[in-house]
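A.B. asks: The structure follows.
Any read-out appearing in this document is the output of simple, stated calculations on the displayed coordinates, not a laboratory observation. Because the structure is a prediction, the values reported are computed rather than measured. A quick note on method: Cβ atoms are made from the backbone with ideal geometry, for glycine too, and the neighbour counts reach across all protein chains shown.
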Amino acid sequence: MRKSNTQSIRDILRDYVSDMGIERKLKEVDIVHAWENILGKAIASYTGRIFYL
């Protein structure tokens, strides 16, 4: 049985990220980490800085 004042960790983290204003930076980190997997090593090796505008 769940108490009425409990929250899921997902909701808590979502609220924290929103309150801290770091959604944009987290998206950028996701893009940078996924870049090589999406484009492959050969193409990714020609890439300089990666950032999210």
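A.B. asks: Identify all residues within the stretch 1-39 that are farther than 30 Å from residue 49 by Cβ and surrounded by fewer than 10 Cβ atoms within 10 Å (Cβ to Cβ); write none if there are none. Step through it out loud before you land on a result.
C.D. replies: The first filter runs over the stretch 1-39 and keeps only residues farther than 30 Å from residue 49 by Cβ, leaving 1-12, 15.
Of everything in the stretch 1-39, those that are farther than 30 Å from residue 49 by Cβ and surrounded by fewer than 10 Cβ atoms within 10 Å (Cβ to Cβ) turn out to be 1, 2, 3, 4, 5, 6, 8, 9, 10.
One line per residue, one yes/no per condition, for (1) touching a helix residue (DSSP H, G or I) at 6+ places or on another chain (Cβ under 7 Å); (2) part of a loop (DSSP other than H, G, I, E, B):
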| site | (1), (2) |
| --- | --- |
| 5 | no, yes |
| 10 | no, no |
| 13 | no, no |
| 17 | yes, no |
| 30 | no, no |
| 37 | no, no |
| 48 | no, yes |
| 53 | no, yes |
